[in-house]
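These notes are about the structure you will find just below.
The values are calculated or read from the model by the stated rules, or taken from the named source; none is laboratory data. Just so we're clear, the structure is a prediction, and the values are computed from it rather than from any experiment. Glycine gets a Cβ as well: all are built from the backbone with ideal geometry, and neighbour counts include every protein chain shown. SASA here: full protein model, heavy atoms, side chains in, ligands and nucleic acids out. Shrake-Rupley method; radii C 1.70, N 1.55, O 1.52, S 1.80 Å.
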Amino acid sequence: MIRARASAGAHPGAARARQIFLLVLPGLWVVGVVVWEVCRPTSGQLLQLLAATPAIACAGTGRRQCVLLGGGCALLVLLPFGAVEPAVGLGARATTCGAVLVVICASWLTAGRRRRLLRELARTREVATATQRVLLRPLPPRIDAMVPAAAHLSASEGAVVGGDLYEVVGTPHGVRAVIGDVRGHGLAAVGTVAAMLGSFREVAHDEPELSGVLRRLERAHQRHLREWAHTGPAAAPAAEEFVTLLLLEVSADGAVTALNCGHPWPYRIGSGAAAPAVGPAAVAEPLPPLGLFPLPDELPEVRCGRLAPGEGLFLHTDGATDTRGPAGEFFPLTRELRRAVGEGGRPPAGVVEDVREALLRHSGGRLTDDVALLMLCHGRSGAPAGPVPQPPHLPPASHPV
């Protein structure tokens, strides 16, 4: 989990301080050894430690510094320090000088190979990042009347995508969004994510009803399962692959319609407050996740009210609420979301970034599941404003913080 997660909460000057330390470390090593030998002569025995200088310089700075410092050390060990026996001292100094030269050559070759590997790694990361961004592409700054913001954290080291998915598109039927969670996490679930996102980006424009979008997604998932049954690993049979999905449609007047297949419901954001967008009465008959059971004949769409200008919806996957801290406590998403919203006026990107950083701090940068965060804000300002109405049949005290 060292990657952007660790660096996201790091102080901006930490990397610079580390670089300066690595630059001065070889010089400090040489000065320390020489001063010790001058103050307490050891007949040149302590000078053998100077052979480590080229390796230290090579690891922390580069090949040029390695050669310069190594050459200086090779000359230093030939100089007599203190009163030593000429024959013994000269032999010991010559041996140490030879050792320094050998370390210089070895460090030069090692640094060259390391540089080539780093260049190859950088090119590989560029290709991988570009490929992953095509799958989970960045959202535009504005889609019709909605201002979106999103963040994704993968449980796989070095990955940008994983088992969570999200997308927001503007269509003739309104702004449509999807967020989902594929069984499993990391790179093993990327195939299902690609199938779901590819299908959603097409059918969201074609289907006039949100229920039609969901049925098309179910058919796309079934086709993916049939292909998975022939090509997938035996350890993950197709019958166990399923996807939780939340489909949203925001019309031009701000009316929100949702279809939920076993996914966490969103929060409604406004005026520094965050509350569940849907009460228990609306979710008495949840739809099953795609892949577990066939969808029923009737797909009940849930009306989530109307977004006034400045109000928004905050969507997330269960990886956010299931993330545990060092003591095993779950991430307090509701509390952190309310803290991120503050007194209101925060743009969606700021709210999402604050929740993301809080989640990383809570987990210590070690995630066991993928996390996707998505916020949609309605209005020209793009900032939450106005009161947040409580969902029906849901008193505020019944929602844990």
Could you calculate the contour length gain from ARG113 to LEU299, that is, 0.36 nm times the residue separation minus the distance between their Cα atoms, to one decimal place in nm?
61.0 nm
How much length is gained if the chain between VAL35 and ARG223 is pulled fully straight, taking 0.36 nm per residue apart and subtracting their Cα-Cα distance, in nm to one decimal?
60.3 nm
Hey, could you grab the Kirkwood Rh for the range 311-374? Inverse mean 1/r over distinct alpha carbon pairs, Å, one decimal.
11.9
Please report the accessible area of SER251 (heavy atoms, 1.4 Å probe, ligands and nucleic acids excluded) in Å², nearest 10.
40
Label-point separation, ARG339 to CYS105 (7 Å along Cα→Cβ), nm:
5.9
How high is the FRET efficiency between ALA94 and VAL134 when r is their beta carbon distance and R₀ equals 56 Å, given to the nearest 0.05?
0.40
